[in-house]
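Structure first, then comments.
The values are calculated or read from the model by the stated rules, or taken from the named source; none is laboratory data. In this text, all values refer to a predicted model and were calculated from it rather than measured experimentally. For neighbour counting, all protein chains shown are included, and Cβ atoms are generated from backbone atoms with ideal geometry for every residue, glycine included.
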Amino acid sequence: AIERTLSIIKPDAVAKNVIGQIYSRFENAGLKIIAARMIHLSRAEAEGFYAVHRERPFFKDLVDFMVSGPVIVQALEGENAILKHRDLMGATDPKKAEKGTIRADFADSIDANAVHGSDAAETAKVEISYFFPALNIYSR
Ligand code: CMP
């Protein structure tokens, strides 16, 4: 089925100047960028986005990292987009990510792991609407 997913290019990958290389991987896999923006998240925005992780021991480090520089946020659309995007990213911990994945190629640590992607249809819906009001999505 055609799905949508939320993708974030994190501060480490923006700083490494690999936005275009990551976009090419999305495009080459048949994922269409239907909304995009660059934003330097406030602490409140980062905490709100990752609210499900609020009780996790890594929450503060995660938020500190996500506000350390600008990110690029995009909604991707395509066949089986959620899983396809997760396959392109590779495992959360770049040390465990398969060769040729975005995290294996561009990430340095589990915190500075280059990209985020929605993990399921329900979270994709919530995460896309967190950054993109419906008016700002260009699917056709
Ligand atoms: P992301 O997909 O953006 O979702 C939550 C982030 O928390 C994750 O990527 C990692 O960058 C970060 N994180 C740090 N430690 C852990 C951990 N032990 N398990 C999962 N995520 C972690």
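Numbers for the structure displayed
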{"read-out": "Segment 71-88, subset part of a helix (DSSP H, G or I) and hydrophobic (A, V, I, L, M, F, W, C), residue surrounded by the most Cβ atoms within 10 Å (Cβ to Cβ)", "value": "ALA81"}
{"read-out": "Residue satisfying condition, being under 17 Å from PHE131 (Cα atoms) and either part of a loop (DSSP other than H, G, I, E, B) or at pLDDT 95 or above (or both), within set GLU45, GLU55, GLU98, GLU27", "value": "GLU45"}
{"read-out": "Residue that is nearest to the ligand (Cβ to nearest atom), among those in segment 104-127 that are out of contact with any strand residue (DSSP E or B) (no Cβ under 7 Å at 6 or more places or on another chain) and of a type in the set (D, E, K, R)", "value": "ASP111"}
{"read-out": "Cβ pairs under 7 Å, 6+ apart, first in segment 1-28 and at positive phi, second assigned to a loop (DSSP other than H, G, I, E, B) and small (Gly, Ala, Ser)", "value": "none"}
{"read-out": "Criterion violated by ALA91 - all others in (1) assigned to a helix (DSSP H, G or I); (2) within 11 Å of the ligand (Cβ to nearest atom); (3) of a type in the set (A, V, I, L, M, F, W, C); (4) free of Cβ contacts under 8 Å to residues at least 40 places away in the same chain satisfied", "value": "(1)"}
